[in-house]
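All remarks here apply to the structure that follows.
The values are calculated or read from the model by the stated rules, or taken from the named source; none is laboratory data. In this text, all values refer to a predicted model and were calculated from it rather than measured experimentally. A quick note on method: Cβ atoms are made from the backbone with ideal geometry, for glycine too, and the neighbour counts reach across all protein chains shown.
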Amino acid sequence: MNYSSFEDLPIWQKGRELSKIIHVLTETGSISKDFKFRDQIRSSSGSVPDNISEGFERGGNKEFIQFLYIAKGSCGEARSQSYRAFDNNYISELQLEELLNLTKEISSGISNFIKYLKNSGLKGEKYNR
């Protein structure tokens, strides 16, 4: 696997998709008026692609892996908040299932990428200079 930018990473692309879905879901209805919760779920979902991109741009695999773990944690947070959104009747069961499936897919993809990086022997671009 050789990626020249974070935008090439499937996990970043899926994280971006998650953030967009959450943003759309929180624009209207009761959830849009629960400002603290709305901002919290937007923040956790946005943290997924943001941490993937920040880790990638740092240029070292150890730092990248650390940021991938943070992104994975944020993904879990967004999944938990999805349940809360459903429990508070902010989203439908179908919307919940979509969010659960996507967050599980992202989390699994991040885990697999971490394993790859740990086993690859690569140290990152900043060590190739």
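Remarks
- Leading residue by the ranking (farthest from the chain's Cα centre (by Cα)) among those in the range 15-31 that are not aliphatic (A, V, I, L, M) and not in a loop (DSSP other than H, G, I, E, B): SER30
- When THR28 is tested against the conditions (1) loosely packed, with under 13 Cβ neighbours inside 10 Å; (2) touching a Cys at 6+ places or on another chain (Cβ under 9 Å); (3) of a type outside the set (Phe, Trp, Tyr), the lone failure is (2).
- The set of residues from the range 27-73 being among the aliphatic types (A, V, I, L, M) and touching a residue at least 40 places away in the same chain (Cβ under 8 Å) comprises ILE31, ILE41, VAL48, ILE52, ILE65, LEU68, ALA71.
- Among the residues of the range 9-25, the ones that are touching a residue at least 60 places away in the same chain (Cβ under 8 Å), surrounded by 17 or more Cβ atoms within 10 Å (Cβ to Cβ) and either among the charged types (D, E, K, R) or in contact with a His (Cβ under 9 Å, 6 or more places away or on another chain) (or both) come to 1 in all.
- Residues of the range 16-44 classified as under 16 Å from PHE86 (Cα atoms) and among the small types (Gly, Ala, Ser), total: 3
- For ARG79, the criteria (1) surrounded by 14 or more Cβ atoms within 10 Å (Cβ to Cβ); (2) charged (D, E, K, R); (3) more than 22 Å from SER111 (Cβ to Cβ) hold in every case but one, which is (3).
- Of the numbered criteria (1) at pLDDT below 95; (2) of a type in the set (Asp, Glu); (3) buried (at least 18 other Cβ atoms within 10 Å of the Cβ), the one ASP50 fails is (1).
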